[in-house]
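Coordinate-derived values only; no laboratory data. Please read these numbers as outputs of a predicted model, since none were measured by experiment. Ideal geometry is used to build each Cβ from the backbone, glycine not excepted, and the neighbour counts take in all protein chains shown.
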Amino acid sequence: MTLHRTDRTRRNLLRAAAATALLAAAGSSFAQAYPSRPITLIVPWPAGGSTDRHLRGLAEIASKHLGQNIVIENKPGGGGTTGPGTMAITAKPDGYTIAQFPLGMLRLPHMQKTPWHPINDFTFIIGVTGYTFGLTVRADSPYKSFNEYIEAARKAPGKIDYGSTGIGTSPHLLMEELSENAKVELTHVPFKGNADLTQALLGGHVMAQSDASGWDKFVDGGQMRLLVTFGEKRTQRWPNVPTAKELGYGVVSTSPYGIVGPKGMDPAVVKTLHDAFKKAIDDPKHLELLATLNQDVWYLNSQDYAKWASDTFAKEKRLIDKLGLAGK
């Protein structure tokens with residue numbers, strides 16, 4: 001009788017082991033089956049701007065490595081925070097909804113209450129690139145140099161304005177920091193994205209445009225004048241244009257960004273996405289696109305990207321506090 005019980009116990013153990021192996025195999029095949037349908041990449045800016053142009057090109061290359069289409073969904077608003085913020089709250093962490101993660105995501109929670117946390121509510125997939133920022137005016141503007149623009153603000157406090165892609169975005173905060181350093185008062189006019197902002201500048205509704213290099217073709221085409229850029233050094237594409245740093249204004253900004261998903265994603269799915277986008281980043285066609293936008297590769301793997309975001313979230317609080325924008 002004892003022997004019979006022992007046999008039964010052995011059989012139960014064997015069944016349990018077989019079931020566990022089947023579950024493991026099922027999990028493995030599920031991970032291998034990803035992706036089995038198109039993936040949505042949320043671009044939190046209007047169509048036609050520099051970020052949209054970049055991510056459409058990158059997604060097209062990455063989709064070939066994934067074997068599935070990546071569908072771009074433009075979801076502008078909130079200075080680039082509405083799209084990824086909504087994804088964090090509503091999307092399943094199954095790898096079929098991902099988003100660009102602009103630097104404003106690490107700033108807005110210091111400025112106002114948000115229904116999402118910029119670190120805890122996201123899975124960080126890959127760091128990709130950063131922007132070239134510049135201030136442009138219309139070609140018929142009276143301001144031939146950036147110093148002339150600042151001097152005009154000095155003579156008429158609050159009367160000289162500029163548009164940006166939204167409150168808390170890098171194009172906004174770098175101008176806030178610069179105006180504080182220059183001890184002038186500039187009036188800020190926020191827009192949903194650079195496509196809207198460009199039309200406002202060309203239409204004469206704002207005096208200047210603080211933005212990433214979506215203005216490139218208008219500068220090269222002669223409709224706009226580029227007064228200053230905000231990198232560490234002058235750009236290769238516009239070498240005659242000075243940086244804010246060399247003019248003595250003490251502001252450098254590239255505003256790195258990458259791709260994220262909702263919190264709780266399967267590590268195997270994250271790796272699949274990371275690997276496909278890494279191949280796309282290194283693709284000569286993508287590097288050519290970045291050169292057109294005057295952007296550099298800023299690659300971080302998933303772990304390093306998450307650490308960078310956490311460190312930057314703490315650092316940005318100091319900037320928000322310094323500019324007196326906390327809680328506004």
³J(HN,Hα) across the stretch 257-274 via Karplus (A = 6.51, B = -1.76, C = 1.60, θ = phi - 60°), whole Hz, x for Gly/Pro?
9, x, 10, 10, x, x, 5, x, 6, 4, x, 5, 5, 4, 5, 4, 5, 4
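Before rounding to the nearest 500, sum -39500 (n - 2.57) across all DSSP H runs of length at least 4 in the chain and divide by the residue total; then give [θ] at 222 nm in deg cm²/dmol. Mind showing how you got there, number by number?
Numbers: 11 runs with 146 residues, N = 328.
Rounded to the nearest 500, the figure is -14000 deg cm²/dmol.
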Of all the C-alpha pairs in the chain, what % are more than 34 Å from each other?
30
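For the stretch 206-328, take the convex hull of the Cα atoms, compute a quarter of its surface area, and give me that in nm², please. Write out the running numbers ahead of the final one.
Details: hull surface 42.5 nm².
Directional mean of the projected Cα hull area for the stretch 206-328 stands at 10.6 nm².
In what order do 220, 211 fall by count of nearby beta-carbon atoms within 10 Å, going from fewest to most? Could the numbers behind the result be given before it?
Values: 220 12, 211 29.
Least crowded to most crowded, the residues run 220, 211.
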Taking the chain as the reference, fit the longest principal axis to its C-alpha atoms, fit the long axis of helix 302-322 to the helix C-alpha atoms, and give the angle between the two in degrees, 0 to 90, nearest 10.
40
On full extension of the chain, what length is gained from residue 315 through residue 287, given 0.36 nm per residue of separation minus the C-alpha to C-alpha distance?
7.1 nm
Which whole-percent values make up P(r) of the stretch 133-229 when all C-alpha to C-alpha distances are grouped in 5 Å steps starting at zero?
3, 15, 28, 29, 19, 7, 1
Packing-wise, with mean Cβ within 10 Å as the measure, how do 164-171, 81-88 rank, highest first?
164-171, 81-88
So which trypsin sites (Lys or Arg not before Pro) in the stretch 250-308 pass both tests, a DSSP loop state and at most 15 other Cβ atoms within 10 Å of the Cβ?
263
Measuring from the longest principal axis of the C-alpha atoms of the chain, the long axis of helix 2-33 (C-alpha) lies at a number of degrees, nearest 10, equal to 30
Greater than 31 Å separation of Cα atoms is the criterion. Which listed pairs, 192/233; 155/322; 233/278; 113/278, meet it?
113/278
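With a cut-off of at most 14 other beta carbons within 10 Å, and DSSP calling the residue loop, which trypsin sites (Lys or Arg not before Pro) in the stretch 117-214 qualify? Please list them.
Details: sites: 138, 144, 154, 155, 159, 183, 192; in loops: 144, 159, 183, 192.
Loop-located and lightly packed - 144, 159, 183.
Contact order normalised by length for the chain, with contacts defined as Cα pairs under 8 Å and 6 or more residues apart; what percent is it? Working shown, then result.
Working: 607 pairs, mean separation 86.1, N = 328.
Computed over the chain, the figure is 26 percent.
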With +1 on each Lys and Arg Cβ and -1 on each Asp and Glu Cβ, how big is the dipole of the chain about its Cα centre, in debye rounded to the nearest 20?
1060
